[in-house]
Amino acid sequence: MARYISGFLSAVVSGLICSQTLLLAKSGIGLLVLSLQGNMQFKDPLALAILVGLLVTALANLYFIQRALRLCSTLTVVPLCYCSSSLSALFSSLVYFDQIRLLTPTQIAMIAVGIGLLGAGVMLLSMKAESLPRVSSPDEDDISS
């Protein structure tokens, strides 16, 4: 059970980190476009921090998704990672780009319905994955390192 919970949490963390990587990539592309138009942005330490953050979050995402895949079934990890990534990217982008005020109450309600359906689908896939037989690999005992 602890193995499953650890894999579950690793998949969620991977999704959360993935969404921040996406946000930093959007910011980095914006800085690059401005720089190519003649307004050099990469002299500012904050711009360099965005690039370093992009690299760090990309590597951390790889670590956590790999760890989750070693602990749980792909049928559990991929939907969990996608669900948490989509949800976090949506809210992070709305706040970061100051667009939350542009949503109508109907759009907010539809987002909530979509989140509920996505969560229910992940739960159903997870239950299906748990009922399938698990094939173990020879180095499965080295997970804790």
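Dividing the C-alpha radius of gyration of segment 1-67 by 2.2 N^0.38 Å, with N its residue count, gives 1.43. Residues in segment 46-51 carry Karplus couplings, in order, of 5, 5, 5, 5, 5, 5 Hz; the curve used is 6.51 cos²θ - 1.76 cosθ + 1.60 with θ = phi - 60°, and Gly or Pro positions show x. Start at zero, step by 10 Å, and the Cα-Cα distances of segment 49-131 spread as 15, 35, 30, 18, 1 percent across the bins. Listed values for segment 18-26 are Karplus-derived 3J(HN,Hα) couplings in whole Hz (6.51 cos²θ - 1.76 cosθ + 1.60, θ = phi - 60°), namely 4, 5, 6, 4, 4, 5, 5, 5, 4, and x replaces Gly and Pro. The packing ranking of peptides 29-41, 86-98, highest mean first, is 86-98, 29-41, where packing means the average number of other beta carbon atoms within 10 angstrom of each residue.
The 3J(HN,Hα) values that the Karplus relation (6.51, -1.76, 1.60; θ = phi - 60°) gives for segment 67-81 are, in residue order, 5, 5, 5, 6, 9, 9, 5, 4, 5, 9, 5, 4, x, 5, 5 Hz. Gly and Pro appear as x. Taking each residue as 0.36 nm, the span from M127 to T104 lengthens on full extension beyond its C-alpha to C-alpha distance by 4.8 nm. Peptide packing for 9-17, 70-78, 42-50 was compared via the average number of neighbouring C-beta atoms within 10 Å per residue; ordered from the highest value, the list is 9-17, 70-78, 42-50. Surface composition of the chain: carbon plus sulfur atoms hold 73% of the accessible area, using a 1.4 angstrom probe and ignoring ligands, DNA and RNA.
The relative contact order of the chain, computed from alpha carbon pairs under 8 Å that lie at least 6 residues apart in sequence, is 35 percent. On a per residue basis, the chain carries 64 Å² of accessible surface, using protein heavy atoms and a 1.4 Å probe.
Largest first, the three principal axis extents of the alpha carbons in the chain are 58, 42, 20 Å in whole numbers.
The values are calculated or read from the model by the stated rules, or taken from the named source; none is laboratory data. No experiment lies behind these values; they were computed from the predicted model shown. Neighbour counts run over all protein chains shown; Cβ positions are idealised from the backbone, glycine included. These area figures cover heavy atoms from the full protein model, side chains too; ligands, DNA and RNA do not enter into them. Shrake-Rupley method; radii C 1.70, N 1.55, O 1.52, S 1.80 Å.
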